[in-house]
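The structure appears right after this line, and notes come after that.
Quick note: the coordinates plus some simple rules give every number you see, no bench work behind them. None of the values given here were measured: they were computed from a predicted structure. Note that each Cβ is placed from the backbone with ideal geometry, even for glycine, and that neighbours are counted across all protein chains shown.
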Amino acid sequence: MSKFKVATIVSAALVGAAALGFSITSGSQAQFTSKESGQKADQAALEETIRNYILENPEIIAQALDRYAEQEALFEEARIQENLDRHLAALLDERDGYVMGAKGDDAKVAVIELFDYHCGYCKTAADYIAGMMEEESDVKFVFRELPILREESEYAAKVALAAREQGRYGDLHFALMDSSGLLNQDRIEDIARKVGLNIGSLNSKRESEELDAILERTLEIAIDIGLTGTPSFIVASTDGAYSKIIPYWDPEELEEAIEEARQAS
């Protein structure tokens, strides 16, 4: 917390203590009001009274700090939720990601995953997500590339996005997630060949400015809704009645949020 914020909180505590000081020293303050009506109160004496009260009751500073932290957390939560609601349609836009699972009116719930191909927890989540896609008939899964861990992650993300044009995004995505170690250009191209992609067409599409713009938009949204790591999940009812951010991998919380979204829709 900055010194400015602490100073602000202490000042607020002093104001509160001042009110108490007036009641505690009612006798002396009564003299001010009765004998020196219209004159300015002795500021130095009042400050000394407040200072002594705080020294005798230091817990009021801790209470003020706790209260401030609670209020800040609530304000931040409300800001992030407002930003999420504003960005939800963009997060669901297939043009900037890839959608699998339930389609059309069958989709009651959307699970948006933001991930990095070098993220260990993302790899752990991949098999679980694949299983959920088979079991959850009313959930659509939206995959959004968020390459933030390594320089090679951006290359992998662009190749995956480029694979959409050949109808092989899902195959490449899960193959990359199933691969351990560093995913450099040679390894990625080798994996792409094995899933049936044309490398020449893939690289041509990968170099387009369109993919740079997609990654930039996703990163801007992630920052705006307070996401700092991968994997991060957003669960929402497709009618917009429910939305929740899960900024980590927790399968139980993910399933609970899906059920909550299902009930809200």
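With distances taken between every two different alpha-carbon atoms, region 172-220 has a Kirkwood hydrodynamic radius of 12.1 Å. When peptides 119-126, 219-226, 143-150 are sorted by average Cβ neighbour count within 10 Å, with the highest value leading, the order is 143-150, 119-126, 219-226. Which pairs break 28 Å Cα to Cα here: Lys205/Lys244; Lys103/Lys158; Lys103/Lys205? From the list (Lys205/Lys244; Lys103/Lys158; Lys103/Lys205), the Cα-Cα distance tops 28 Å for Lys205/Lys244.
Taking each residue as 0.36 nm, the span from Asn83 to Thr228 lengthens on full extension beyond its C-alpha to C-alpha distance by 50.7 nm.
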